[in-house]
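The structure appears below as structure tokens.
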Amino acid sequence: MLRGARAGRRGRWRFNATDQTGSLALVPRLSEVIAALETLWPAERAESWDAVGTVVGDPDQEVTRVVFAVDPVQEIVDEAVRLGADLLVTHHPLYLRGTTTVAATHFKGRVVHTLIKNDIALHVAHTNADTADPGVSDALAGALDLRITGPLVPDPTDPEGRRGLGRVCALDPPLTVREFAARAAERLPATAQGIRVAGDPEAPVRTVAVSGGSGDSLFDHVRAAGVDAFLTADLRHHPAAEFTAAVAPRPLALLDAAHWATEWPWCELAASQLDEISDRHGWDLRVHVSKTVTDPWTAHAASTTSEPLGAPN
Ligand SMILES: [Zn+2]
């Protein structure tokens, strides 16, 4: 939407105090940074139901500090204010289903008010970042030290066959399901949930499908991929139980991580991509990744009895 809106207008040059050589660095305008982000995650590659792109922001405002986070919630916006950010880039949309009000009486309206009062723009890359190359599941696979062999659901519009939902990966050397779950618990950011496992903990895992965020809509693709395990988030009783029964007797383990934890590695990947673009353009841009945990689950109590229905009276 903002791309080309101010064609020909460029950010201004200024002395870069952080550069010992005293060279000049360019302070980009929001429209230029957004245009750069759109090369990574074109809006037209988002799902039709999605709400991606710039939510808040003046295309002419200057941008020197950018914050990446998973969720556009008040806690993150307050952090962006403290950091002196000019742009917040989040994975999840603020208004996925649209709205007729941004009144600050609603928590989403409060977010909009805080952003505008502090001259902070908000830009969203959601399903267009999921299917990108590299995208959300590449970052997840990278965090788990997996070797990617291709997308789980290839994007038919990509002649190179690299874009798409989820990733199919190899595990070199193989681990047991228990060991792979322990690796995921160690490598993904800590959450109250940790990692839940369905399947034989001692079964070997040589191949894995991963998908950041809610992944139970991909079960048919996981089964077709012939992998030993599937790591994703938000798995529910019926889809998980029916999937497990459908693949039996073949062992195919399910590993369920916290939704936020499976998508947070993308923030670091995205920040490094913007850093690289910034260097290429000679921009004076500082990029920060929020480490604030915005997973809604805050505590976990493990069962303390081996009696399935509780201890006898
Ligand atoms: Zn998500």
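Observations
- Selection status of R167, within 16 Å of the ligand (Cβ to nearest atom), under 20 Å from E268 (Cβ atoms) and touching a helix residue (DSSP H, G or I) at 6+ places or on another chain (Cβ under 6 Å): yes
- The residue list D158, D130 contains one member that is free of Cβ contacts under 8 Å to residues at least 60 places away in the same chain and either surrounded by 13 or more Cβ atoms within 10 Å (Cβ to Cβ) or not assigned by TED's automatic domain parsing to the domain that holds L83 (or both), which is D158.
- Test: A80 is crowded, with 16+ Cβ neighbours inside 10 Å and either part of a helix (DSSP H, G or I) or outside the structural domain of L269 (by TED's automatic domain parsing) (or both): yes
- Residue among T99, T105, T90 that alone is buried (at least 24 other Cβ atoms within 10 Å of the Cβ), β-branched (V, I, T) and either within 16 Å of the ligand (Cβ to nearest atom) or at negative phi (or both): T90
- Residue ID - nearest to H281 (Cα to Cα), chosen from residues in region 17-46 that are at pLDDT below 95 and outside any strand (DSSP E or B): S23
- All conditions in (1) touching a strand residue (DSSP E or B) at 6+ places or on another chain (Cβ under 7 Å); (2) without any contact (Cβ under 8 Å) to a residue 24 or more places away in the chain hold for P249, with the sole exception of (1).
The values are calculated or read from the model by the stated rules, or taken from the named source; none is laboratory data. Only a predicted model underlies this, so the values are computations on that prediction, with no experimental measurement involved. Positions of Cβ are generated from backbone atoms using ideal geometry, with glycine treated the same way; all protein chains shown enter the neighbour counts.
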